[in-house]
Amino acid sequence: MSKKTLAIVITFFFSTTIFSQKIDSIFFHLYTDSLKKGQHNYINVDGKLSNGQWQPLTSREIQFSASACEFQGNELVIPANFKEEKIKIKAALKSDPAIWKEATIWIKKIPDPDSLPGLDEVLKNATPKKRKKD
């Protein structure tokens, strides 16, 4: 290996180490207020970096655990016959387990409708909005 190549490799190694950002804290940014039975529920975890920017995190960086059911990657799989009302989930940073977050999420009780209303039905039931006079 030439001296020039070695110098480039060493410079690259130190520059990535110096300029890499550390994750200061993690947060759940959930897409819903409840979990659905019989589905894979994606649990979104973001890390706040030391420079204030956000970075999405996956199961490569996060160790997931739950009071019930199991995780497959970032997805909490809840069987259709699940009986409990809520699940407590925990996400811990693999590189620093002292950084973790825990949340309790309720299970959706009302089933989704078999079909959504069509455009005609929505327009028929819509109330006209009154215009403001200038």
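Values for this structure:
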{"item": "Proximal charge balance of Glu102 [Cβ under 14 Å; K/R count +1, D/E count -1]", "result": "+4"}
{"item": "Ranked packing of 65-72, 29-36, most packed first, by mean Cβ within 10 Å", "result": "65-72, 29-36"}
{"item": "Relative contact order computed over the chain (Cα-Cα under 8 Å; 6+ residues apart), in percent", "result": "21 percent"}
{"item": "Cβ-defined net charge surrounding Ser34, 11 Å radius [Lys, Arg +1; Asp, Glu -1]", "result": "+3"}
{"item": "Greater than 24 Å apart at Cα, pairs in Lys109/Lys129; Lys36/Lys101; Lys108/Lys130; Lys22/Lys101; Lys22/Lys94; Lys88/Lys108", "result": "Lys109/Lys129; Lys108/Lys130"}
{"item": "Neighbourhood net charge (12 Å Cβ-Cβ; Lys/Arg +1, Asp/Glu -1) for Lys88", "result": "0"}
{"item": "Helix 3-19 axis, angle to the chain major axis (alpha carbon atoms, nearest 10°)", "result": "40 degrees"}
{"item": "Distance between modelled label sites at Lys94 and Gln21, nm, 7 Å Cα→Cβ extension", "result": "2.1 nm"}
{"item": "Between region 72-134 and region 18-55, the alpha-carbon center distance in angstrom", "result": "16 Å"}
{"item": "Backbone N within region 19-53 under 17 Å of label point (7 Å from Val122 Cα along the Cβ vector)", "result": "none"}
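Any read-out appearing in this document is the output of simple, stated calculations on the displayed coordinates, not a laboratory observation. This one's a predicted model, so the numbers in the text were calculated from it and none came from an experiment. Note: ideal-geometry Cβ built from the backbone for every residue, glycine included; neighbour counts use all protein chains shown.
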